[in-house]
1. Tell me which of these VAL95 doesn't satisfy, since it passes every other one: (1) part of a loop (DSSP other than H, G, I, E, B); (2) in contact (Cβ under 8 Å) with a residue 40 or more places away in the chain.
2. Which residue pairs have Cβ atoms under 7 Å apart, sit 6 or more places apart or on different chains, and have a first residue in segment 327-353 that is closer than 24 Å to ALA39 by Cα and a second that is basic (Lys, Arg) and surrounded by 17 or more Cβ atoms within 10 Å (Cβ to Cβ)?
3. Could you grab me the full set of residues in segment 173-198 that are of a type in the set (A, V, I, L, M, F, W, C) and under 30 Å from GLY216 (Cβ atoms)?
4. Only one residue in LEU208, LEU246, LEU183 is in a loop (DSSP other than H, G, I, E, B), of a type in the set (A, V, I, L, M, F, W, C), under 19 Å from the mean Cα position of the chain (by Cα) and in the same structural domain as GLY344 (by TED's automatic domain parsing). Which one?
5. Name, by its number, the condition in (1) over 27 Å from ARG120 (Cα atoms); (2) assigned to a loop (DSSP other than H, G, I, E, B); (3) modelled with pLDDT under 95 that does not hold for GLY237.
6. From the list GLU90, GLU108, GLU169, which one is among the charged types (D, E, K, R) and touching a strand residue (DSSP E or B) at 6+ places or on another chain (Cβ under 9 Å)?
7. In segment 64-120, what residues are basic (Lys, Arg) and farther than 25 Å from VAL27 by Cβ?
Amino acid sequence: MHIGLVMECEIRAGADGSKGSGAANSVEAGAFDDVFARAALVEALGLDGVWLAEHHFTPPNADASTPGGSIVSSPLVLAAALGARTERIEIGIAVLVLPLGHPVRMAEEVATVDHLTGGRLRLGVGRSGFPRAYAGYGIEYESSRPRFLEYLDLMRRAWTESPLQFEGEYYQADGITVSPRPLQSPHPPLRAAATNAGTFALMGELGLPIFAGLRGMTTVSLTPAIAEYHEAWQRAGHAGQGDIYLRIPVFVHEDAERARSIPEQSALRAYARLRASFAESTGAEGAASEQARTATAKSLASSDYETLLRERLFFGTPDEVRRQLSSLREELGLSGFLVEPNVGGMMHADAVDNSIRLFASEVAPALRDE
């Protein structure tokens, strides 16, 4: 049972910047300090790993006293820095947005970071559910799915074939050899994002372990989607049953009332932004996608805090969260949890760290022992 921590790495409320020698006194520098401190805490508490979520073009708010955008526009660079500052934990990317780069260059960089982390790199891949990043890079979002599939194929072959010959619609390689090769053979473990029913089936067909999440989906809608993943896996003739990590917002406090009140405004902010993102991206991939995105935006618009607590959030005392996650693990057949400790990015670091400590000491051990 893998239990890791997702780090959105948003600029948090009250961040006052790094004051280290030679460092810019900025909230962005302070956010990097927070990342390194949080990774050290994860390692000290015995959790399994940290996972970096790639984001682009989300600038900080004009008011620096409120949290702004994420600092993880270059997750592999940050992963290498984390590798130098930790010794044991896995360092994951959740996820690397493949179509925004070039597969041969990315194969080189992934292999390099795999060496720099001593083989602790775990590579999540996806294509992003929103077109904003694609517009910023001048890439048509409508081509994101075929680009993703071709990119993944070429990147995997670049780690194992020499000389590499590849002729695709979007990418080509003519007799090249990638160096270095990854430290892990044949490459770091791959895991793909699955965000809608069609994606679940596609990843099952490809035989890829997956991440699922509770942003565009609920605990109820995950059940049939995971069933489609397993069915597609079996139809394709892959060995085993597939493998699923679930990304979930978690906040733990000794007092049940405070476990719900402390993260309330931050969680509501997160899902309001998510609703807006779904609404602005309707029509990006045709009628079926537009219908799904519109439905998700409407669902989120009608979801008050109590609804979010029932369907998407796991906030409570250690006993409450332990029972909820244990039930979910059994119901969905999960092999791992990726905990999002500060959904919305507004909670103070002290409250978040206290929650992580309670989770690591009173929730995680019970999940591993089941």
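1. Failed condition: (1).
2. LEU338/ARG247; GLU340/ARG247; GLY345/ARG12; ALA349/ARG12
3. Listed by number, the residues that qualify are LEU190, ALA192, ALA193, ALA194, ALA197.
4. Testing whether each residue is in a loop (DSSP other than H, G, I, E, B), of a type in the set (A, V, I, L, M, F, W, C), under 19 Å from the mean Cα position of the chain (by Cα) and in the same structural domain as GLY344 (by TED's automatic domain parsing) leaves just LEU208.
5. Condition not satisfied by GLY237: (3).
6. Working: GLU108 fails: touching a strand residue (DSSP E or B) at 6+ places or on another chain (Cβ under 9 Å); GLU169 fails: touching a strand residue (DSSP E or B) at 6+ places or on another chain (Cβ under 9 Å).
Matching residue, one of GLU90, GLU108, GLU169: GLU90.
7. ARG88, ARG105, ARG120
Okay, residues lined up against (1) at pLDDT below 95; (2) among the β-branched types (Val, Ile, Thr); (3) not in a helix (DSSP H, G or I):
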| site | (1), (2), (3) |
| --- | --- |
| ALA84 | no, no, no |
| ALA111 | no, no, no |
| HIS115 | no, no, no |
| GLY118 | no, no, yes |
| GLY124 | no, no, yes |
| PHE130 | yes, no, yes |
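The values are calculated or read from the model by the stated rules, or taken from the named source; none is laboratory data. Source: prediction; values computed, not measured. Cβ sites come from the backbone with ideal geometry, for glycine too, and all protein chains shown count toward neighbours.
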